[in-house]
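The values are calculated or read from the model by the stated rules, or taken from the named source; none is laboratory data. Owing to the predicted nature of the structure, the values given are computational and were not obtained by experimental measurement. For neighbour counting, all protein chains shown are included, and Cβ atoms are generated from backbone atoms with ideal geometry for every residue, glycine included.
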Amino acid sequence: MSSAASPACDCGPLGRFVSSSLGKKAIMAVTGFVMFGFVVGHMVGNLQVFAGDGGVKLNAYAAFLKNTPALLWGTRIVVGLSLVLHVWAAATLKRLSNEARPVQYKMRKDIQASVPSRNMFWGGISLLFYVIYHLLHLTVGVASPIAGTFSHDNVYGNMVASFQNPALVGVYVFAMIALGMHLYHGLYSLFQTLGLNHPGYMPRIRTGAKVFGALIALGFSSMPVAILLGAVK
């Protein structure tokens, strides 16, 4: 048996599927899809920073979520669980791949692979650390440049005050570029995992994944950059 295969699991069909490489790829695909949906919704909600009303709509949106705990915490639990499973599946597959891959094969594969695919694992780890910081920054407020004046009821004000810092804006923009690349490769891989990789339409899917990743990166990056440049006050 190849060392890339997971050990046999005497725990029923579902357990054996989850313990297999295919099962872990399926978990990554499903959890990735859940997080794709969350990222889109999160971006659309935050883009209300451009409403030009001094934060009325954005703060009302945040207040709605805060006052709807079933929706807020239901989303957090589903996305949080998806993130944990996604990281677990990625780390396990990475370990199995490293155990099974000869050095010379790795070198040849790296030459042929795209930049996002070569850096998918470590890019994902970097994004994990970013997510932790982002939560501490704009959700909890303990890692904010304005920690002393952070307000849980004024999301707009927190954003405007925080993104006066060029270094912080740089961190966010860099993280969003990494997110866009991760989403591009992840979305493309999702179709391959589902077996929807017919040569007739995969080029279109690849292009669509690139556009999607770029739009997400631009959408999220536009907010801190606009604040830094004074377009949003």
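Quick notes
- For segment 14-40, the set of residues classified as in a helix (DSSP H, G or I) and not hydrophobic (A, V, I, L, M, F, W, C) consists of Gly15, Arg16, Ser19, Ser21, Gly23, Lys24, Lys25, Thr31, Gly32, Gly37, listed by residue number.
- Among the residues of segment 190-206, those identified as within 24 Å of Ile27 (Cα to Cα) and at pLDDT 80 or above are Met202, Ile205, Arg206.
- In segment 49-101, the residues that are of a type in the set (Phe, Trp, Tyr) and surrounded by fewer than 13 Cβ atoms within 10 Å (Cβ to Cβ): Phe64, Trp73
- The residue of segment 41-87 that is nearest to the chain's Cα centre (by Cα), among those that are of a type outside the set (A, V, I, L, M, F, W, C) and outside any helix (DSSP H, G or I), is Thr68.
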